[in-house]
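Below is one structure; the comments refer to it alone.
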Amino acid sequence: MHAKIVFTTDFEDESLIIIFKSNQWWPTYGQVSSDAEKIINEMTGAVKESDVPLFLESKKFILLSAITDTHGTLSFENRSWVLRLLNPNLSLLQLDCQVFVHKCIKYARQMDLRIQFHDNPVQLVERHRKDPIIEGKILASKKDRILYAKKQKKLEYSISVTGLIIFIVLLLLTYPWPFRDQSNQIQVWVFTIFEKLVGSVVITSLISYAQFHSFYASLHQDSIKWTIAGEPEKKAIKTLV
């Protein structure tokens, strides 16, 4: 199985190395060695054919996880960093992608640096095949999480917003304006209906907002939200480890 993550950042090379070493992703052998060359040759088979020359000519780091045995490269191609990882275990590969994104986001916040992940989903693909098995949406910022929550909980968000608008309108309608005539039974009956609707609208809106906000709050737990490739995004799955 292989994965690919593309991002741009103002991290220096030393910052990236710090992230890899703190996560035990830095190999014990040298970056220029026969072992490193073996990984480059293996990774070349996971690179799109048209990108192979660019990959081979690019500046790159060789990576090897001491925990999951995931190995790969981080190469600088077309002004973007491209992380490519290999691991036969789908669950471990999925976990490593999440850990890398989380570590980068955390480091960027601590050092007040910039990192921008490309909007394309992270795809976990079986080697020598093109169709992904699992896709991941990177939630690197508050804006990403809000947009994802709105998409996943579209109905709840719409009900809460619409309910707020209706609530404001009902407040205006039920306000004791000077023109209201308490002796007019029809008018009293109409305004009574509006007044009874206020409570129902408030309860419905609050329940929908609570469901939306609860889902949004849960997005802080994972740096990547995974879905089965080709399935609707509402069929999200947890990290398999």
Hull shadow area, averaged, the chain [alpha-carbon convex hull, nm²]
17.7
If I fit a long axis through the Cα atoms of helix 142-152 and take the longest principal axis of the Cα atoms of the chain, what angle between them do I get, 0 to 90°, rounded to 10?
70
Gain upon complete extension [K143, L197; 0.36 nm per residue less C-alpha separation]
16.0 nm
Cβ-Cβ FRET estimate between S58 and I133, R0 fixed at 30 Å, reported to 0.05
0.65
Give me the dipole magnitude in Debye, nearest 20, for the chain about the Cα centre, with unit charges on the beta carbon: positive for Lys and Arg, negative for Asp and Glu.
640
Quick check on the chain: helices-only [θ] at 222 nm, where DSSP H runs of length 4 and up contribute -39,500 (n - 2.57) each and the sum goes over total residues. Nearest 500, please.
-16000 deg cm²/dmol
Taking a temperature of 37 °C and a viscosity of 0.692 mPa s, what whole-number D in µm²/s does Stokes-Einstein yield for the range 2-138 with Rh from Kirkwood over alpha carbon pairs?
217
The range 1-94, relative contact order in percent, only Cα pairs under 8 angstrom and at least six apart counted
38
Only Lys, Arg, Asp and Glu count, each charged at its Cβ (+1, +1, -1, -1), so figure out the dipole size of the range 145-221 about its Cα centre, rounded to 20 debye.
440
Contour excess over end-to-end distance, with Cα ends at F167 and R109 and 0.36 nm allotted per residue
17.0 nm
For the pair S22 and V188, the simple spin-label estimate (label points 7 Å beyond Cα toward Cβ) gives in nm 7.1
Ignoring GluC sites (Glu not before Pro) buried by more than 16 other Cβ within 10 Å or outside DSSP loops, the longest site-free run in the chain is 13-125
So for the pair S34, D119, with labels modelled 7 Å out along Cα→Cβ, what separation do we get in nm?
4.8
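Read-outs throughout are calculated quantities, based only on the coordinates presented, and are distinct from any laboratory measurement. This one's a predicted model, so the numbers in the text were calculated from it and none came from an experiment. Here Cβ is always computed from backbone atoms with ideal geometry, including for glycine, and neighbour counts include all displayed protein chains.
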